[in-house]
Amino acid sequence: MDEQERAERVARGRRQAEWLASRDVAAVAVTFVDTSGITRVKGVPVSVFDRVSGWGVGATPVFDAFLLDDSIAATPAANPSGDLRLLPDLHRLVPLAAQPGWAWAPGDRWTQEGEPHPGCGRLLATRLVDRLAQAGLTAKAAFEVEWVLFRGPEDDPQPAAVAPAYGMGRVIEVSDYAVELLRTLGAQGVAVQQFHPEYSPGQLELSVAPESPVAAADTAVLVRSTIRAVAARRGLSVSFSPSVQAGGVGNGGHLHLSLHRGGRSLFGGGDRQFGLTDEAEAFIAGVLERLPALLAVGAPSVASYLRLLPSHWAGAFACWGLENREAAVRLITGSVGEQARAGNFEIKCIDQSANPYLLVAAVLSAGLAGLEEHASLPEPVDGDPAGLSDAERSERGITRLPERLGDAVDAFAADKVLTDAFGPLLTETLIAVRRAEIDLFAEASPEEIVAATRWRH
């Protein structure tokens, strides 16, 4: 960052600080997401926001080595010496309607020498978006957000809604909470497209409009913080954990992504299967091929593998299919006549213990590799792959995704595309953090894992 850019940021930050003060905002929460998927924060008073806009606020690089229980993995990133600067994205600054007096902005992490921190997931995702643009392509993305709403003490939580899954009865049970949440998100500029009950007791879901991949990750962070803040105002608790009950249906964090060239969707009007263009097929194929390794980023906790079960709509098999909710990759075309607007693919085997910026970066790097390799998709799967015999799955090349975090980490470590994209420091840190979590829960039962992770994400 040069001197002129810094001066421009300070001037803009000063204007924004004046605007925030006029809205009775006292402080700005500048957030980033660590390797374990926990959103960390530095709060700064509005009175110093202009300086922070240009120079950032200090943040130790040790956060990169934090586990979900706040212990620290043994890795070079855990060196207590040195410091970083967390700079807010001034374009995403927004007052928080459910936290009066607070505003929020996502942050990028830079070195004190003014260079991008190699462990910053948001800057990595930005670089991958730039790589996509160099190929003449743009992407739109959106995360689905699932959560379970609880009443009562955190050591004995009870679902806040027990009416049937997907039923209107559950909407009635949480009606006031849902209305406040939707109005709050709207006031913060979040374009909600759907809200509905999910499968498990107390489980809800909402979907938002697609936007650029980094913005989609930002929105996922903002939405989850808002869901929790609105619940807290009503004496409720929220869990985004991949597993809230051992053996039950957990919370996913599905990522939807579409690809465009020259403003035209590549998910319709093509001559490949279901109207895909060759570029769209190659991109999806690159992601599908690297799903085992991607799980170290997208299903990064030990609890993730309590969710990733066959016949649970979790996408436990490495396959794809048209509107197939049991496939790890679900192709969505929309209705006839809207393919250009609605066409996208959904990755279902991932959850919200993931750092959304790292996940976006990993998916884009895998898709770009597919484009470079002119990859093609295998035959799509119709129906639940768990219903096929072992011989049928073997013949069709349908494999079970990793059933343990350790296997996903091994696949990631061996994947040159992903490790090259992440770079040496981030790769080493991610592997160390994942293996430290494996050790943390080595002797834990599924029930103990659920209890230890329920409130962390």
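The values are calculated or read from the model by the stated rules, or taken from the named source; none is laboratory data. Because the structure is a prediction, the values reported are computed rather than measured. Please note: Cβ atoms are built from the backbone with ideal geometry, for glycine as well, and neighbour counts cover all protein chains shown. SASA here: full protein model, heavy atoms, side chains in, ligands and nucleic acids out. Shrake-Rupley method; radii C 1.70, N 1.55, O 1.52, S 1.80 Å.
Dipole of the range 373-421 (Lys/Arg Cβ +1, Asp/Glu Cβ -1, origin at the Cα centre): which of F412, T399, P380 lies farthest to the positive side?
Of F412, T399, P380, it is F412.
Could you tell me which of rounded, prolate or oblate describes the range 366-457, using a ≥ b ≥ c as the square roots of the eigenvalues of the alpha-carbon gyration tensor, with rounded for a/c under 1.5 and, failing that, prolate when a/b is larger than b/c and oblate otherwise?
Details: a/c = 2.60, a/b = 1.22, b/c = 2.13.
In terms of gyration-tensor shape, oblate.
Determine how many Å³ per residue the convex hull of the Cα atoms of the range 1-160 encloses. Walk me through the numbers on the way to the answer.
On the way: hull volume 26.5 nm³, N = 160.
In the range 1-160, the Cα convex hull volume per residue is 165 Å³.
Can you spot the lysines whose alpha carbon is less than 30 Å from K42's alpha carbon? Ignore those fewer than 8 places along the same chain.
Here the lysines satisfying the reach criterion relative to K42 are K140.
What does the accessible area of V221 come to, in Å² to the nearest 10, when a probe of 1.4 Å is used?
10
Evaluate the charge dipole of the range 367-457 about its Cα centre and quote only its size in Debye, nearest 20, assuming +1 on the Cβ of each Lys and Arg and -1 on the Cβ of each Asp and Glu.
On the way: 9 positive and 19 negative charges, 64 e Å.
Taking the Cα centre of the range 367-457 as origin, the dipole is about 300 debye.
How much area per residue is accessible in the chain when the probe is 1.4 Å and only protein heavy atoms are counted (Å²)? The partial results should precede the final answer.
Working: 18400 Å² over 457 residues.
Using a 1.4 Å probe on heavy atoms only, each residue of the chain averages 40 Å².
Viscosity 0.692 mPa s, temperature 37 °C: give me the Stokes-Einstein translational D for the chain in µm²/s, with Rh taken as the Kirkwood radius over C-alpha pairs.
Numbers: Rh = 22.5 Å.
It comes out at roughly 146 µm²/s.
Any idea which of G202, W19, V360 is furthest toward the positive side of the dipole for the chain, if Lys and Arg beta-carbons carry +1 and Asp and Glu beta-carbons -1?
Final value for the positive-end residue is W19.
Would you mind telling me the share, in percent, of accessible area of the range 1-159 contributed by carbon and sulfur at probe 1.4 angstrom?
On the way: 3660 of 7090 Å².
Heavy-atom surface of the range 1-159 belonging to carbon and sulfur, 1.4 Å probe: 52 percent.
Please state the charge dipole magnitude for the chain, taken about the Cα centre, from unit charges on C-beta atoms (+1 on K and R, -1 on D and E), reported in debye and rounded to the nearest 20.
Details: 41 positive and 58 negative charges, 275 e Å.
Charge dipole of the chain: 1320 debye, to the nearest 20.
Principal axes first, then extents: for the Cα atoms of the range 120-196, list largest minus smallest coordinate on each axis, whole Å, largest first.
Rounded to whole Å, the extents work out to 50, 29, 25 Å.
How long is the gain from T399 to A165 if the chain were fully straight, where each residue apart is worth 0.36 nm and the alpha carbon distance is subtracted?
Working: separation 234, 0.36 × 234 = 84.24 nm, distance 2.99 nm.
Stretched out fully, the T399 to A165 stretch lengthens by 81.2 nm.
Percent relative contact order of the chain, based on C-alpha pairs within less than 8 angstrom and at least six residues apart?
Values: 982 pairs, mean separation 75.0, N = 457.
Computed value for the chain: 16 percent relative contact order.
To the nearest µm²/s, what D does Stokes-Einstein give for the range 53-130 at 10 °C and 1.306 mPa s, using the Kirkwood radius over alpha carbon pairs as Rh? Please list the in-between numbers first.
Values: Rh = 14.0 Å.
Stokes-Einstein gives a translational diffusion coefficient of 113 µm²/s.
Hydropathy at least -0.5 by Kyte-Doolittle, axial extent at least 15 angstrom from the Cα trace: which helices of the chain, defined as entire DSSP H runs, fit?
Correct list, ordered by number: 121-134, 175-187, 213-233, 278-289, 356-373, 416-440.
Assuming 0.36 nm per residue, please report the length gained on full extension of the stretch E448 to E115 beyond their Cα-Cα distance.
115.7 nm
Using label points projected 7 Å from each Cα along Cα→Cβ, tell me how many nm separate V48 and E323, to one decimal.
About 5.6 nm, to one decimal.
Could you calculate the contour length gain from S389 to S81, that is, 0.36 nm times the residue separation minus the distance between their Cα atoms, to one decimal place in nm? Could you put the intermediate results ahead of the total?
Values: separation 308, 0.36 × 308 = 110.88 nm, distance 5.52 nm.
Using 0.36 nm per residue and subtracting the Cα-Cα distance, I get 105.4 nm.
Ignoring ligands, DNA and RNA, please state the percent of accessible area on the range 282-348 from carbon and sulfur, probe 1.4 Å. Kindly include the intermediate steps, with their values, before the conclusion.
Working: 1020 of 1830 Å².
That share works out to 56 percent.
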